[in-house]
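K.L.:
Quick one: the structure is below, questions incoming.
Readers should treat all values here as calculations from the given coordinates under stated rules, not as data from a laboratory. Since this is a predicted model, take the numbers as computed values, not measurements.
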Amino acid sequence: MKRMARIQQALASQASFEKHGRKSKRELLLDQMSQVVPWSELLALAEPHYPRVGNGRQSVGLEIMLRTYFLHQ
């Protein structure tokens, strides 16, 4: 019981700490990207041409691939 109470207390303290934290440069960049890039429209355009899961290696999600490509560029 004491261990569970300590775990819950630790989780509660982390949650309260996060609301006062500062966003990292990475988080700021990703937030700006989400505001500027029309992801739903890009996904709709690329979806018909993206390989489907079949025989062989499982493909990475389209949204993840697009975001990664945009970050590299």
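K.L.:
Report the full-extension gain for the segment residue 60 to residue 34: residue separation times 0.36 nm, less the Cα-Cα distance, to one decimal in nm.
P.N.:
Length difference between fully extended and current span is 7.4 nm.
K.L.:
I would also like to ask the following. Under the Karplus relation 6.51 cos²θ - 1.76 cosθ + 1.60, θ = phi - 60°, what is the ordered set of whole-Hz ³J(HN,Hα) values for the stretch 66-73, x standing for Gly and Pro?
P.N.:
5, 5, 5, 4, 5, 5, 5, 6
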